[in-house]
Amino acid sequence: MKINLVAAAPADITVDALAVPIATGQRLSGAAVDLDRALGGLISELLGSGEFKGRIHEVMPVPTNGRIAARRLILYGLGAINDLDGQRLRSAHHELVRAARTYGYSRIGLMRVDPLSTDSLRAVVEGCVMGTFERRSRQTGSQPERGELDELILTGFGQGRDHEVVLAQEAGEATNRAREWQNAPGNELTPDALAQEASKIAKRHGLEIEVLGPSELRAGGYNLLLGVAAGSTQPPHMIRLRHRGRELAGKAADANAPVLALVGKGITFDTGGISLKEPPSMSQMKADMAGAAAVLAAIDVIAARKVPLDVMAVVATTENMVGPAAQRPGDVVVSADGKTVEILNTDAEGRLVLADALTHALRNGATHLLDLATLTGAATIAIGHGASAAVSNNDEFWLLVEEAARRAGDRVWRLPIFADYRVLLRSQIADLRNSEYGEAGAILGGMFIGEFARGKPWAHLDIAASSWNTNAELTTVLRGPSGAGTRLCIELAELMARTER
Ligand code: BES
Ligand code: MN
Ligand code: ZN
């Protein structure tokens, strides 16, 4: 898709449809007033009559009858301006583009969202690019429901901002790549296939890559990952990509320089193992690698941009299956870190593979850890689909993560770590148990992983709810695969590179 910034007045851009943002309870302002005048008051009439209200995701195509260069107007709602954070603004543009594609508009014009902050260009572009996402169909001979968007023409955003557009397009496309991976069925996107995707990224940018297979995992003592993999015929992998951004930027070698590890849960299918899931909640588990998708899509962009920071992506990937060799509830396993873990519930597998993944990141020099995982159903109970549920052991690092989330329009909400809760991680027989807490599930799932951070600044994003909105009534959060965490990871690397001393 081509995206162009132009200085022309909205009435003068030749497009299939000119999109006009409308917030509830606001008068037309700025360029919209001139446009309305050119159209003989058409917009104000539709607003005055209440036919168009400006509610978020409200979309209305209107003929222009040759009064302006655009063949159609497409009014679209932003909801109340006070409610409009980066995530809602992206969502409004996501739905705008989907509607425009349904009407068959392939060139659309966009005006600046008037009462908004300077971040709006980026949010508008990212939202529109995400709106071009279409799940790849596996239906034979099916016709696409929507057309493709070929060109986006942006006016009123000011001059000299082409680079911002490029960055936003990149981030939007990366998010879509993560969404596509999430959507891929478990028999297509196996642990081997995920490793293949990682090696394509490495090749593209000349990144260092290491893919551990079963024998290397045994040699390294990654028994938590191996234990989860025991029921599967697919070989598990620990994937590690390394972007040496400091060196690329010509920075002097410094043993104290930060190394950010983005660690993703890559369960390509989660049956629950012997602690088997119920069928209705199982088919969704093809997307139990959303954390892996986010960190891989992110490092692809981080490397492409040559972000001047050392960043690694670590993905622990396997299936969690049943079979004669599968691990049993009650098994005790020695982690790569040396801690013993009692596996009370084989369905709490995410924290197991992530524990070994954190150890792997630390062994390879990580100084800051961010893990992303579809970890608990409890995240949905605690916060719902509107944000990733987080925990962190470090306020300073958390502030960076939160700022990255804000800039990326990729919501996070931090839950507390209470020292008192640590007793709930204790096992009668081993150092830790992986489940059976019965309460505070999202916090305790995170706290389990945090036990393997060895005191390094660490944050955990439980994206179980945010990466796939299953609530049909909640339309302002992307439904289906969302690529949650992708843009946040890119932004965090950018922020850390900028704040690095
Ligand atoms: N992958 C699931 C969590 C999940 C649930 C992701 C719903 C997406 C949507 C995870 O492996 C899991 O099964 N978690 C258990 C943990 C419990 C056994 C402590 C859960 O949440 O029930
Ligand atoms: Mn599970
Ligand atoms: Zn899982």
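The values are calculated or read from the model by the stated rules, or taken from the named source; none is laboratory data. Please read all numbers here as calculations on a predicted model, not as lab measurements. Cβ: placed from backbone, ideal geometry, glycine included. Neighbour counts: every protein chain shown. Keep in mind that these areas ignore ligands, DNA and RNA; they rest on the heavy atoms of the full protein, side chains included. Shrake-Rupley method; radii C 1.70, N 1.55, O 1.52, S 1.80 Å.
Within segment 159-171, does at least one residue satisfy the condition of being closer than 27 Å to F269 by Cα and not assigned by TED's automatic domain parsing to the domain that holds V20? Yes. Candidates in segment 266-284 are the residues that are within 11 Å of ligand 2 (Cβ to nearest atom) and small (G, A, S); of these, the one that is surrounded by the fewest Cβ atoms within 10 Å (Cβ to Cβ) is S281. Elements of the type helices (runs of 4 or more DSSP H) sitting completely within segment 192-262 and holding at least 1 residues that are within 21 Å of V322 (Cα to Cα) and open to solvent by less than 20 Å² (accessible area, probe 1.4 Å): these cover 214-220, 223-229. Answer yes or no as to whether G272 is touching a strand residue (DSSP E or B) at 6+ places or on another chain (Cβ under 8 Å) and among the small types (G, A, S). The answer is yes for G272. Of the residues L224, L260, the single one that is of a type outside the set (G, A, S), within 16 Å of ligand 3 (Cβ to nearest atom) and over 22 Å from P185 (Cα atoms) is L224.
Between A405, A373, the distinction of being closer than 28 Å to L260 by Cβ, away from ligand 1 (no atom under 11 Å from the Cβ), in contact with a helix residue (DSSP H, G or I) (Cβ under 8 Å, 6 or more places away or on another chain) and not β-branched (V, I, T) belongs to A405 only.
Residue-wise test of (1) open to solvent by 10 Å² or more (accessible area, probe 1.4 Å); (2) farther than 20 Å from V97 by Cβ.
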residue	(1), (2)
V125	no, no
C128	no, no
E134	yes, no
Q139	yes, yes
L154	no, no
V166	yes, no
E173	yes, no
T190	yes, yes
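Return the residues of segment 438-471 that are more than 15 Å from ligand 2 (Cβ to nearest atom), farther than 23 Å from L84 by Cβ and open to solvent by 10 Å² or more (accessible area, probe 1.4 Å); say none if nothing qualifies. The answer is G438, E439, A440, I443, G450, E451, R454, G455, K456, P457, T470. In this structure, does L121 turn out to be touching a strand residue (DSSP E or B) at 6+ places or on another chain (Cβ under 7 Å) and not assigned by TED's automatic domain parsing to the domain that holds R487? Judged against the criteria, L121 is not a match.
When the criteria are applied in full, R407 meets the requirement of being at pLDDT 95 or above, under 30 Å from G172 (Cα atoms) and crowded, with 17+ Cβ neighbours inside 10 Å.
Considered as a group, the residues in segment 306-332 that are outside any loop (DSSP other than H, G, I, E, B) and within 16 Å of ligand 2 (Cβ to nearest atom) include one that is surrounded by the most Cβ atoms within 10 Å (Cβ to Cβ), and that residue is A316.
Return yes or no: is L149 buried (at least 19 other Cβ atoms within 10 Å of the Cβ) and in the same structural domain as M285 (by TED's automatic domain parsing)?
no
Annotation for segment 340-360: at least one member residue is crowded, with 24+ Cβ neighbours inside 10 Å, under 21 Å from A390 (Cα atoms) and away from ligand 1 (no atom under 16 Å from the Cβ). Suppose the filter is small (G, A, S), without any contact (Cβ under 8 Å) to a residue 12 or more places away in the chain, open to solvent by 10 Å² or more (accessible area, probe 1.4 Å) and not assigned by TED's automatic domain parsing to the domain that holds G480; does G86 pass it? Against the criterion (small (G, A, S), without any contact (Cβ under 8 Å) to a residue 12 or more places away in the chain, open to solvent by 10 Å² or more (accessible area, probe 1.4 Å) and not assigned by TED's automatic domain parsing to the domain that holds G480), G86 does not qualify. Against the definition (among the charged types (D, E, K, R), touching a Pro at 6+ places or on another chain (Cβ under 6 Å) and within 24 Å of V15 (Cβ to Cβ)), how does R72 come out, yes or no? Against the criterion (among the charged types (D, E, K, R), touching a Pro at 6+ places or on another chain (Cβ under 6 Å) and within 24 Å of V15 (Cβ to Cβ)), R72 qualifies.
From the list T318, T346, T359, the lone residue that is over 17 Å from the mean Cα position of the chain (by Cα) and away from ligand 3 (no atom under 14 Å from the Cβ) is T359.
Tell me yes or no: at least one residue of segment 270-282 is in a helix (DSSP H, G or I), within 11 Å of ligand 3 (Cβ to nearest atom) and closer than 27 Å to E188 by Cα. The answer is yes, given that some residue of segment 270-282 is in a helix (DSSP H, G or I), within 11 Å of ligand 3 (Cβ to nearest atom) and closer than 27 Å to E188 by Cα.
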